[in-house]
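Before I ask anything, let me first share the structure, which is written out below as structure tokens.
The values are calculated or read from the model by the stated rules, or taken from the named source; none is laboratory data. Please read these numbers as outputs of a predicted model, since none were measured by experiment. So basically every Cβ, Gly included, is an ideal-geometry build from the backbone, and we count neighbours across all protein chains shown.
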Amino acid sequence: MKKKIFYTSFLLLTILLSSCLPQSVQASQPTPNPATLEAGVVSTLIAQMTQTAAAGPTNTPIVITATPAPTIQPTATQTSTPTIVPALVPCDKGAFVADVTVPDGTGFPAGATFVKTWRLQNVGTCTWTPAYQVVFAGGNSLGAPTSFNIPTFVSPGSTVDISVQMQAPNTSGSFEGFWELLDPNGSSFGVGVSGNVAFDVLITVGSTATVPFAVNHVLMSVDTTDITTGCPSGHDFKLTADIFSDGPGTVTYAWEFSDGNISDEHSLDFPGAGTQTVSTTFKATATGDYWGRLRVDNPNHQSFDKISFSLTCK
């Protein structure tokens, strides 16, 4: 009877202590056989289990460090840039600038001679040379040669004045002639957006028609448009004017300047239609923007476009 009480007490104590131990300790401890234990052995076993429980588990804890997920940067959607292909500029192409002499509809007496001058611009990529020709393309040639050479070299972007002597027919009416350019290889070209439009001359002939006399254009230029120099000595700007007349006569003119000064009147005789060049100087002695222009009193009573220039004093 005492043994039953002993065994029962022992089993209850064992269960109680086992429940307090970690699983790793419980698994490592063998279950003792109560039939072979004496009271001292039980005491020793209880002491060991109590000591093990107090010491805690012997397993080294595993520390897991959480690694943050990498930040995914949004990827910008690339938009393709459209490629702009510039229009191809042809080697040979011209542009009409002005009728320097004999504007369309000019009247002449029957048989009168005159000089027709066109101003053209080279808007192609090739330089025009004196090997290029002006050729008659149709209509009435008005007594002009059917072909003649361009007078000078004309680089891309530059202008050229092309002149040819003509003669009015002996009968009354309107007469028109068409002209174009010819490269050294024999390929013709003209003016306009397409580069294939002919430039023309158009006159009227009648018994009462007279040779016109007017300055229809003045082309201004200056030796320098902007200069920095010491003052009050300043700088003498040289102004040049190309005067274009439609016919023979005397042109009277004066220079006008931005400071209000007007030069004395000068005269220039034209034996026929053509161009003559005059020049003058303007002295600037203070920092500022200036201009000069030509005023034609006879036959036009007209002031033409200004040319601007500036001085900076240091």
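Pull out all pairs, ordered by first then second residue, where Cβ-Cβ is under 9 Å, the residues are six or more apart or on different chains, the first lies in the range 259-270 and is outside the structural domain of Gln302 (by TED's automatic domain parsing) and surrounded by 12 or more Cβ atoms within 10 Å (Cβ to Cβ), and the second is modelled with pLDDT of 95 or more and among the acidic types (Asp, Glu).
Listed by first residue and then by second, the contacts come to nothing, as the list is empty.
A quick yes/no check of all residues on (1) among the β-branched types (Val, Ile, Thr); (2) farther than 29 Å from Gly124 by Cα; (3) not in a strand (DSSP E or B):
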position	(1), (2), (3)
Ile227	yes, yes, no
Leu239	no, yes, no
Asp242	no, no, no
Thr250	yes, yes, no
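One residue is enough: does the range 157-170 have a residue meeting the conditions out of contact with any helix residue (DSSP H, G or I) (no Cβ under 7 Å at 6 or more places or on another chain) and either over 27 Å from Ile203 (Cα atoms) or in the same structural domain as Asp246 (by TED's automatic domain parsing) (or both)?
Taking every residue of the range 157-170 in turn, at least one turns out to be out of contact with any helix residue (DSSP H, G or I) (no Cβ under 7 Å at 6 or more places or on another chain) and either over 27 Å from Ile203 (Cα atoms) or in the same structural domain as Asp246 (by TED's automatic domain parsing) (or both).
Among the aliphatic types (A, V, I, L, M), modelled with pLDDT of 90 or more and surrounded by fewer than 18 Cβ atoms within 10 Å (Cβ to Cβ), is that true of Ile307?
Spelling it out, it is not the case that Ile307 is among the aliphatic types (A, V, I, L, M), modelled with pLDDT of 90 or more and surrounded by fewer than 18 Cβ atoms within 10 Å (Cβ to Cβ).
Same structure, new question: If the requirement is being within 30 Å of Ser147 (Cβ to Cβ), surrounded by 15 or more Cβ atoms within 10 Å (Cβ to Cβ) and touching a His at 6+ places or on another chain (Cβ under 7 Å), which of these qualifies: Phe199, Phe244, Phe178, Phe189?
Phe244
Then there's this: Determine if the range 103-110 includes at least one residue that is touching a strand residue (DSSP E or B) at 6+ places or on another chain (Cβ under 7 Å), surrounded by fewer than 18 Cβ atoms within 10 Å (Cβ to Cβ), aliphatic (A, V, I, L, M) and in a loop (DSSP other than H, G, I, E, B).
Among the residues of the range 103-110, at least one is touching a strand residue (DSSP E or B) at 6+ places or on another chain (Cβ under 7 Å), surrounded by fewer than 18 Cβ atoms within 10 Å (Cβ to Cβ), aliphatic (A, V, I, L, M) and in a loop (DSSP other than H, G, I, E, B), which makes the answer yes.
Residues in the range 145-159 that are out of contact with any Phe, Trp or Tyr (no Cβ under 7 Å at 6 or more places or on another chain) and either of a type in the set (Asp, Glu) or crowded, with 18+ Cβ neighbours inside 10 Å (or both): how many?
So the count comes out to 0.
Mind listing whichever residues of the range 111-144 are closer than 21 Å to Gly195 by Cα, buried (at least 18 other Cβ atoms within 10 Å of the Cβ) and small (Gly, Ala, Ser)?
Listed by number, the residues that qualify are Gly124, Ala137.
Of the residues Thr117, Thr101, Thr146, only one is closer than 25 Å to Asp246 by Cβ and either touching a helix residue (DSSP H, G or I) at 6+ places or on another chain (Cβ under 6 Å) or without any contact (Cβ under 8 Å) to a residue 12 or more places away in the chain (or both); which?
Being closer than 25 Å to Asp246 by Cβ and either touching a helix residue (DSSP H, G or I) at 6+ places or on another chain (Cβ under 6 Å) or without any contact (Cβ under 8 Å) to a residue 12 or more places away in the chain (or both) holds for just one of Thr117, Thr101, Thr146, which is Thr146.
Oh, and also: Applying the selection to the range 175-185, what residues are in contact (Cβ under 8 Å) with a residue 40 or more places away in the chain and part of a strand (DSSP E or B)?
Answer for the range 175-185, where residues must be in contact (Cβ under 8 Å) with a residue 40 or more places away in the chain and part of a strand (DSSP E or B): Gly177, Phe178, Trp179, Glu180, Leu181, Leu182.
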